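The values are calculated or read from the model by the stated rules, or taken from the named source; none is laboratory data. This structure is a prediction, so every number in the text was calculated from the model and none was measured. Glycine also receives a Cβ, built like all others from the backbone with ideal geometry; neighbour counts cover every protein chain displayed. Accessible surface areas use protein heavy atoms only, side chains included; no ligands, DNA or RNA. Shrake-Rupley method; radii C 1.70, N 1.55, O 1.52, S 1.80 Å.
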Amino acid sequence: MSLSFGMLGAKAGLCCAVVALILQTASARIGYKKLEWETAFEQTPTHHGDGETSPSVRYSHAAVTWRDEMIVTHGYFYDRANASPSWRDDTWGFSLRAPHTWRKIVPLGGGATGSSPHGRYGHTLALHGSDLYLHGGTDGGTRIHGEAGFQLRMEFDDMWRLSLTDNKWEQLKPKASGHPFGPGKRYLHTAVAVGTNIWHYGGSNKSDLWGWDTEADTWFEVIPKPGEQWPGRRQGHSAAELPERGGFVIQGGTRWGFGDKALLSDVWVFKAQSRVWEQLRTHAPQPAGRLYSSVATMNGRMVLMGGSTNTPGMKCEDEAWVYDTVTSQWDTLPPAPVQIYHHSVVAHAPTQTMFVFGGHRCGADSPGNPAYLNSVYKLTVPPAYREAEL
């Protein structure tokens, strides 16, 4: 009889512990909703900003965190005032600690002279040490035929390096000791630096994985073994380094020609040392499939914001989510102040804050209601919320 009571007591204790864990987790998720977005930089009245203390509006640019700055480069917007496409080739730094200010790193116009990569969008950007690496993208053929109209299959295949210590771009030529061509022309792919390699995945509806060795200046391809898991072809997906897994994570995107299955919501991690992929589990509720969203990682968590949940045609979202790579759990964050896609999200680990810059609002551009943005919003996501869940 005493044994039975002991068993009942153990079961009751276990039940109470489970209930306590559920309540604790629910409380933590409610805590996420108490967070508030702040404006770190207000939208400028004109598309071009002032060109000296702030960058122009833009979308499909690229951004990374370097020390206490967000580095932004290239991108595109349609210049309504001059009825002309505007391909950007400038580079800016934004201070991630208050007071938040911009500084010009590389001025506009270097693409025409060859001192900077030509203006483009859909390119990749990765940081290794104090060097930025830019690859690919497209300008719709502007470099060839001028502003006569956007044309398909006009992607770049060039690789550039920008030293953030002397603020100079250099076009890199892959050495013969590696793959002679590399990934070739493409856009809407991703690139993440892990160790001394920069990993490029997908884009232009492809499924290949390429590494750029920053020490040897060579390309190499990782080819899946028979039966090995692989994320498959996609473009317009998002990626970020995941140090806790020794690699990087990719999420979402789209595949051409798959009808209602074109939009993806899956999460994959690539482990750089073993060079294998793993699909991470996800539990509902979770974000719907989308493309042109953006992610950043902090302390084993991946923060996702925005994107389009409709294709063809675009429906911009203001949703923000956080995915815990330990518990495989998605949680909602407060909606962002704007519904956007083709923006950038970076994380500032010392302050546990994510920053959102630029993007497109999926609507027609008009005075007083800009479709293109150069505003910066921020949301602090303290690690205490994750610790409470665990």
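Which number do you get for Rg(Cα) / (2.2 N^0.38 Å) in the range 279-360?
Its radius of gyration relative to the 2.2 N^0.38 Å reference: 1.06.
State the extension gain, in nm to one decimal, for the chain segment bounded by D79 and A98, taking 0.36 nm per residue of separation less the distance between their alpha-carbons.
Taking D79 through A98 to full extension adds about 3.8 nm, to one decimal.
Have a look at G236, G358, G114 and tell me which one the Gaussian network model of the chain (Cα, springs below 10 Å) gives the largest fluctuation.
Largest GNM mean-square fluctuation: G114.
Name the residue from T254, T196, A216 whose Cα lies farthest towards the positive end of the charge dipole of the range 193-255, charges +1 on Cβ of Lys and Arg and -1 on Cβ of Asp and Glu.
T254
Quote the relative contact order of the range 201-331 in percent (integer), defining contacts as alpha-carbon pairs under 8 Å separated by 6+ residues.
Worked out over the range 201-331, it gives 18 percent.
Kindly report, to the nearest 10 Å², the accessible surface of K206 as traced by a 1.4 Å probe over protein heavy atoms only.
Spelled out: K206, probe radius 1.4 Å, area about 80 Å².
Given a 1.4 angstrom probe, I'd like the percentage of the accessible area of the chain that is carbon and sulfur, rounded to a whole number.
54
Using the heavy atoms of the protein chains alone and a 1.4 angstrom probe, what is the accessible area of the chain per residue in square angstrom?
Value returned for the chain: 44 Å² of accessible area per residue.
Evaluate the charge dipole of the chain about its Cα centre and quote only its size in Debye, nearest 20, assuming +1 on the Cβ of each Lys and Arg and -1 on the Cβ of each Asp and Glu.
Roughly 720 debye, rounded to the nearest 20.
Quote to one decimal, in nm, the extra length available between E278 and T196 on full extension: 0.36 nm per residue of separation minus the C-alpha distance between them.
27.4 nm
For the chain, build the charge dipole from Cβ charges (+1 Lys, Arg; -1 Asp, Glu) around the Cα centre, then report which of L373, A320, T39 sits farthest towards its positive end.
Most positive-ward Cα: A320.
Sorted by mean Cβ packing within 10 Å, highest first, what order do the peptides 214-220, 283-289 take?
Taking the mean over residues of other Cβ atoms within 10 Å, the ranking is 214-220, 283-289.
Let's see if you can work this out: charge +1 on each Lys and Arg Cβ, -1 on each Asp and Glu Cβ, no other charges. What is the dipole magnitude of the range 63-186 about its Cα centre, in debye to the nearest 20?
Dipole magnitude for the range 63-186 comes out near 120 debye.
Before anything else, pin down the relative contact order of the range 66-210: Cα pairs under 8 Å, at least 6 apart, normalised by residue count, whole percent.
After rounding, I find 17 percent.
Nearest 500 deg cm²/dmol is fine: what mean residue ellipticity at 222 nm does the chain get from its DSSP H runs of n ≥ 4 alone, each adding -39,500 (n - 2.57), divided by its residue count?
Theoretical 222 nm ellipticity from helices: -3500 deg cm²/dmol.
With the cut-off at 1.5 for a/c, could you classify the range 81-225 from its C-alpha gyration tensor as rounded, prolate or oblate? Can you show the working numbers first?
Working: a/c = 1.78, a/b = 1.17, b/c = 1.52.
Oblate, because a/c is 1.5 or more while a/b does not exceed b/c.
Checking the a/c ratio against 1.5 first, then a/b against b/c, what shape does the Cα gyration tensor give for the range 252-390?
On the way: a/c = 1.98, a/b = 1.23, b/c = 1.61.
Note, shape of the range 252-390 comes out oblate.
Could you sort C362, C316 by their accessible area in this structure, using a 1.4 Å probe and putting the largest first?
Largest accessible area first, the list is C362, C316.
Computed on alpha carbon atoms, what radius of gyration and Dmax characterise the chain, expressed in Å?
Values for the chain (Cα only, Rg and Dmax): 22.1, 90 Å.
In the range 157-310, what is the volume of the convex hull around the alpha carbon atoms, normalised per residue and reported in Å³? Intermediate values should be presented prior to the final figure.
Working: hull volume 21.8 nm³, N = 154.
In the range 157-310, the Cα hull volume divided by residue count equals 141 Å³.
Given Cα pairs under 8 Å that are at least 6 residues apart, what percent is the relative contact order of the range 250-390?
Relative contact order of the range 250-390: 16 percent.
Which pairs in the list K185/K315; K173/K225; K34/K378 are over 18 Å apart, alpha-carbon to alpha-carbon? Mind showing how you got there, number by number?
Values: K185/K315 28 Å; K173/K225 29 Å; K34/K378 14 Å.
Violating the 18 Å limit, Cα to Cα: K185/K315; K173/K225.
Given axes a ≥ b ≥ c from the Cα gyration tensor, I'd like to know whether the range 160-210 is rounded (a/c under 1.5), prolate (a/b larger than b/c) or oblate.
Prolate shape, in that a/c is at least 1.5 and a/b is the bigger ratio.
Apply 1/(1 + (r/R0)^6) to the Cβ-Cβ distance of K34 and A364, taking R0 = 25 Å, and write down the FRET efficiency to the nearest 0.05.
For R0 = 25 Å, the calculated efficiency reads 0.10.
Send over the Kirkwood Rh of the range 56-154, from the inverse of the averaged 1/r over different Cα pairs, rounded to one decimal Å.
Taking every pair of different Cα atoms in the range 56-154, averaging 1/r and inverting gives 14.2 Å.
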